[in-house]
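Quick note: the coordinates plus some simple rules give every number you see, no bench work behind them. As the structure is a computational prediction, the values presented were derived from the model and not from experiment. Note: ideal-geometry Cβ built from the backbone for every residue, glycine included; neighbour counts use all protein chains shown.
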Amino acid sequence: MATIDSKIPEGPVAEKWTNYKAHQKLVNPKNKLKLDVIVVGTGLAGASAAASLGEMGFNVLNFCIQDSPRRAHSIAAQGGINAAKNYQNDGDSVYRLFYDTVKGGDYRAREANVHRLAEVSNSIIDQCVAQGVPFAREYGGLLANRSFGGAQVSRTFYAKGQTGQQLLLGAYSALSRQVNEGKVKLYTRYEMQDVVMINGRARGIVAKNLVTGKLERFAANAVVLATGGYGNTYFLSTNAMGCNCSAAIAAYHKGAYMSNPAYVQIHPTCIPVHGDKQSKLTLMSESLRNDGRIWVPKKIEDAKALQAGTKKGSDIPEEDRDYYLERRYPAFGNLVPRDVASRAAKERCDHGFGVNNTGLAVFLDFSESINRLGIDIVRQRYGNLFDMYEEITDVNPGELANEINGVKYYNPMMIFPAIHYTMGGLWVDYELQTNLPGLFAIGECNFSDHGANRLGASALMQGLADGYFVLPYTIQNYLSNQEIWPKISTDAPEFDEAEKAWNEKIDRLMNIKGKRSVDSMHEVLGLIMWEFVGMGRTAEGLKTGFKKIAEIKKEFETNLFIPGSKEGLNVELDKAIRLKDFITMGQLIAFDALNRNESCGGHFREEYQTEEGEAKRDDENYFYVSCWQYKGENAEPELSKEPLVYENIKVQTRNYKN
Amino acid sequence: MDNIINFKIRVWRQNGPKEKGQFSEWYDSKELKMDITTDTSFLEMLDILNEKLIEAGKEPFVFDHDCREGICGMCSLYINGHPHGPAQGATTCQIYMRRFKDGDTITVEPWRSAGFPVIKDCMVDRGAFDKIMQAGGYVSVRTGAPQDANAILIPKQNADMAMDAATCIGCGCCVAACKNGSAMLFLSAKVSQLALLPQGRPEAAKRAKAMLAKMDELGFGACTNTGACAAECPKQISLSNIARLNREFIKAKLAD
């Protein structure tokens, strides 16, 4: 087992980042012009990093798989972005945001990283406003805020239900400006296939031009991965169809640690699965929990009637409703963190109280808010989400449906948890560098800031913190090393090898010539992952999961069919390459879940729970970051551990009850 | 199941920008045993069609799509004569099969515009939109430490109007809807958003001029105020943005 150096600076937690910046090495302006940086991905982290590095003077090569950088899936984030501005005068502070994030992560994140995140959160809001991001405002012209899960203050900034879109378009505009200045070169519809290591350092990538089908080589002085998470391992998720983990797996195959893969976030408010042909799940923003109340019937006969379709939610009067989150967690109510809300929904459905035909749904109800505030105000806040819900389900949640004993009841939404975000990812040190020198990972792609569970409105915060305010500094500590300054030719033998290996891999896939499509097998992988490596895991189930993943792996290797040829655009081939890596990722998630004999955050092992059904951590044995290293195609990965050191926050059992 | 609908569908097939394209044969959902229910999304229906084609050893039909939540702007199909299909204020990925009737025929085409060459089938190259943005669709601010976010008050009304304009997803529907193939609605949304905010004011006129010049250069047509763009826009971007763009443009011209 290797020793792991996270390079956390000395000093009190509140001074570490300031000290780091004061003493890190910089690259002088003239030398920046000679250095090239590859940034893979154009989401919040990738676009903001590429723009900032370009502005500083570095030459940036920026890649994305879509037709434009603006399509990256950060765009779909709805609810908001956290910052410790304390504009509401409700007692917020950098320390409180730090504390809430560490606690929300179930005490499995690094203190130093999270504190830095909280520190730079305020600059992000300043930066975005300066770019022209139209955040919601109050009548007096000040910025507005709302509340999100896991916090007792209002610190979330938002732009309708489209905050991710507006922040991404802000970063995209900064990126566009650098493209115009000639500092960033964009490569759209390119997918990174491999990272090229020369003399032990990341010096370039091989990428596939998705339109021509050709592999192309790119050299640089450092490589930054901002390629998002691995949620699509589960096939059905709220991720976009193209989201994949292939860049991260390529790094893993080269020796990079994959950390905490078992920490997968299951978002409580998604539209339930409606059939067996669905391709993707739709999220309903967590912001709805500000005014919506989550419930199932108290009486099992009501639940049965709902499942049979003989009753509707609005037929059930107030006294027969079980607002189970408010009942179990009086202090936080409907605003408990996502992992807690998801598990509570599963608990009720497991007991037979699910409210749709599959028994896998709960209600999110706005009757109380509409009766209190009026439909206009509620629609002002959530109108676009109501419309989206109606388009998908044909039910309008703002519509009056019933009146019982003088109380008006509106159609409730039906929701159920779904895979949404992955806290695990490539291991990085304090400088956001992986254990492969010169290879950095930012945003959802790395494991660093959210521990075992991410709080709402913190993904946008982390993506932009990494890209605007952290990486552009820390990467200079690496780039200042003159040993890496000489340019490397893409004719170097390492590039030849990488390209040859990839061509062979593609040929192998094309030549299987079996019978099954990529999607039909991805769907099977997803079902295995959801059933055995999903919301409630057991040692036994995980072992079954392993067997089943191995079966689908074999099926993939022997019975895959890809139409067409490898020349030119071939969507099926691209999906096949990704699926191969999802299978590897699925195995890693299962390994990590089996190793971690405790429940924490997004990782719930049914053997480890309290009598009340809450997650039971084991700090004595599992107070560490798991770091998995590739040891060969058919060998088990090797586990190393980065011990967690808490100097500021007292590690305790999470409590959202009082 | 009783909510299954049957229909015939044909899709545009084209191998590359310079190749001649044509419609596919009519695929019969019943013959192909697609079993499409009314709560299936339009793109899920196309996924199922593709699965059937692959099963038969044929190449699947290529189209752009990604988030499937109506926000990334990637999906771009011209369905039965309407960009993004029959629903108002919705993208292709937000259309559900309950919008169609049993026995309907469905014709799927790409965005057709000189500015958007076909890559394959219904996948088009919208790189021109990036180029228009690069010409000036930003506020020239450096990453660093700008003043506090609340230092400049912005009236809620202006912030809301800016937000409405900023809602544009850059899908290109406006160009596909326009008989002249003009990108004015797209461009005006960005110009308006930034012109309405104090942060964007200093460069407002310059921005309008630069973006318009780029649009002309890239082969998009001129605007004749027909309004098809706003009528078809999935984000219901208002035509008044074009008026605001024109005001900024005139200001820039007067300053010249």
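For a quick check: sort B:THR91, A:THR358 by the number of other beta carbons within 10 angstrom, fewest at the front. Provide the component values of the computation, followed by the final result.
Working: B:THR91 29, A:THR358 14.
The most exposed by this proxy come first: A:THR358, B:THR91.
Taking the alpha-carbon distance from B:LYS253 and a cut-off under 19 Å, which aspartates and glutamates remain once sequence neighbours fewer than 8 residues away in the same chain are dropped?
The reachable aspartates and glutamates, counting only those whose Cα sits under 19 Å from B:LYS253, are B:GLU203, B:ASP216, B:GLU217.
Counting alpha carbon pairs within less than 8 Å and at least 6 residues apart, what relative contact order, in whole percent, applies to the range B:8-120?
Details: 170 pairs, mean separation 36.6, N = 113.
For the range B:8-120, the relative contact order is 32 percent.
Using only alpha carbon pairs under 8 Å that are at least six residues apart, calculate the relative contact order of chain A and give it in whole percent. Can you show the working numbers first?
Details: 1434 pairs, mean separation 134.7, N = 658.
Once normalised by length, the contact order is 20 percent.
Show me the ranking of peptides A:332-338, A:634-640 by mean Cβ neighbours inside 10 Å, starting with the highest.
Working: A:332-338: 22.9, A:634-640: 12.6.
Descending packing order for the listed peptides: A:332-338, A:634-640.
Rounded, prolate or oblate: pick one for the range B:55-121, where a ≥ b ≥ c are the square roots of the eigenvalues of its C-alpha gyration tensor, a/c under 1.5 means rounded, and failing that, prolate if a/b is larger than b/c, else oblate. Kindly include the intermediate steps, with their values, before the conclusion.
Values: a/c = 1.39, a/b = 1.07, b/c = 1.30.
Rounded, because the longest to shortest axis ratio a/c is under 1.5.
With charges set only on the Cβ (+1 for Lys and Arg, -1 for Asp and Glu), what does the dipole of the protein assembly as shown come to about its Cα centre, in debye to the nearest 20?
Dipole size: approximately 2080 debye.
For a test of the definition: using alpha carbon positions, the gyration tensor, and the 1.5 limit on a/c, classify the range A:199-279 as rounded, prolate or oblate. Write out the running numbers ahead of the final one.
Working: a/c = 3.33, a/b = 1.73, b/c = 1.93.
Oblate shape, in that a/c is at least 1.5 and b/c is the bigger or equal ratio.
Give the residue from B:LEU197, B:MET211, B:PHE249 lying farthest towards the positive end of the charge dipole for the range B:127-255; charges sit on Cβ (+1 for Lys and Arg, -1 for Asp and Glu) and the dipole is referred to the Cα centre.
Of the options given, the answer is B:PHE249.
In straight Cα distance, which lysines are under 22 Å from B:LYS58, not counting same-chain residues fewer than 8 positions off?
A:LYS277, A:LYS513, A:LYS515, A:LYS566, A:LYS575, B:LYS8, B:LYS20, B:LYS30, B:LYS33, B:LYS120
May I ask which residue of A:LEU509, B:ILE237, A:SER147 lies farthest towards the positive end of the charge dipole of the protein assembly as shown, with charges of +1 (Lys, Arg) and -1 (Asp, Glu) on Cβ and the Cα centre as origin?
B:ILE237
What's the magnitude of the charge dipole for the range A:493-624 around its Cα centre, counting Lys and Arg as +1 and Asp and Glu as -1 at the beta-carbon? Answer in Debye, nearest 20. Show your work: numbers first, answer last.
Numbers: 20 positive and 27 negative charges, 139 e Å.
So the dipole magnitude of the range A:493-624 works out to roughly 660 debye.
Short version: what are the Cα gyration tensor semi-axes of the range B:133-256, square root of 5 times each eigenvalue, largest first, in whole Å?
Working: eigenvalues 124, 57, 33 Å².
Square roots of five times the eigenvalues give 25, 17, 13 Å.
Return the whole-Å distance between the Cα centroid of the range B:1-77 and the Cα centroid of the range A:573-616.
Taking the Cα centre of each part, the range B:1-77 and the range A:573-616 sit 34 Å apart.
Placing +1 on the Cβ of each Lys and Arg and -1 on the Cβ of each Asp and Glu in chain A, which of A:THR653, A:SER259, A:LEU373 has its Cα farthest towards the positive end of the resulting dipole?
A:SER259
Quick check of the Kirkwood formula: for the protein assembly as shown, what is the inverse mean of 1/r over all pairs of different Cα atoms, in Å? Numbers along the way, then the final one.
Working: mean 1/r = 0.0359 Å⁻¹.
That comes to 27.9 Å for the protein assembly as shown.
Under 8 Å for C-alpha pairs, at least 6 residues apart: give me the relative contact order for the range A:268-417, rounded to a whole percent. Mind showing how you got there, number by number?
On the way: 238 pairs, mean separation 45.3, N = 150.
The value is 30 percent.
State whether the range B:8-120 is rounded, prolate or oblate according to the following rule on the C-alpha gyration tensor (a ≥ b ≥ c being the square roots of its eigenvalues): a/c under 1.5 gives rounded; otherwise a/b larger than b/c gives prolate, and the remaining case gives oblate.
Numbers: a/c = 1.59, a/b = 1.10, b/c = 1.45.
Judged from the Cα gyration tensor, the range B:8-120 comes out oblate (a/c at least 1.5, b/c at or above a/b).
Counting partner chain Cβ atoms within 10 Å of every residue's Cβ in A:161-174, what's the average? Don't skip to the answer; put the middle values down first.
Details: counts 1, 6, 0, 1, 7, 5, 0, 2, 10, 4, 1, 5, 11, 6.
That average works out to 4.
What GluC sites (Glu not before Pro) in the range A:102-145 are in a loop by DSSP, with at most 15 other Cβ atoms within 10 Å of the Cβ? Each step should come with its number before you reach the end.
Details: sites: A:GLU111, A:GLU119, A:GLU138; in loops: A:GLU138.
Those satisfying the criteria are A:GLU138.
What aspartates and glutamates could a cross-link reach from A:LYS487, if we take a straight Cα to Cα line under 13 Å and drop same-chain neighbours fewer than 8 places away?
By straight Cα distance, A:LYS487 reaches A:ASP36.
How large is the charge dipole for the range B:127-255, taken about the Cα centre, if only the Cβ atoms of Lys, Arg (+1) and Asp, Glu (-1) carry charge, to the nearest 20 debye? Show your work: numbers first, answer last.
Working: 15 positive and 9 negative charges, 66 e Å.
Dipole about the Cα centre, nearest 20: 320 debye.
How many angstrom lie between the Cα centre of the range A:487-535 and the Cα centre of the range A:259-305?
Going from one Cα centre to the other spans 32 Å.
Ranking A:TYR190, B:TYR27 by Cβ neighbours within 10 Å, fewest first, what do you get?
Details: A:TYR190 22, B:TYR27 18.
In order of increasing Cβ crowding within 10 Å: B:TYR27, A:TYR190.
Among B:MET184, A:MET388, what is the fewest-to-most ranking by other Cβ atoms within 10 Å?
Fewest to most other Cβ atoms nearby, the residues stand as A:MET388, B:MET184.
Where in the range A:192-298 are there trypsin sites (Lys or Arg not before Pro) that are in a DSSP coil and have at most 10 other Cβ atoms within 10 angstrom of their Cβ?
On the way: sites: A:ARG201, A:ARG203, A:LYS208, A:LYS214, A:ARG217, A:LYS254, A:LYS277, A:LYS280, A:ARG289, A:ARG293, A:LYS298; in loops: A:LYS214, A:LYS254, A:LYS277, A:LYS280, A:LYS298.
Counting only loop positions with at most 10 other Cβ atoms within 10 Å, none of the trypsin sites (Lys or Arg not before Pro) in the range A:192-298 qualifies.
Using alpha carbon centroids, what distance separates the range A:161-231 and the range A:420-442, in Å?
Rounded to whole Å, the Cα centres lie 16 Å apart.
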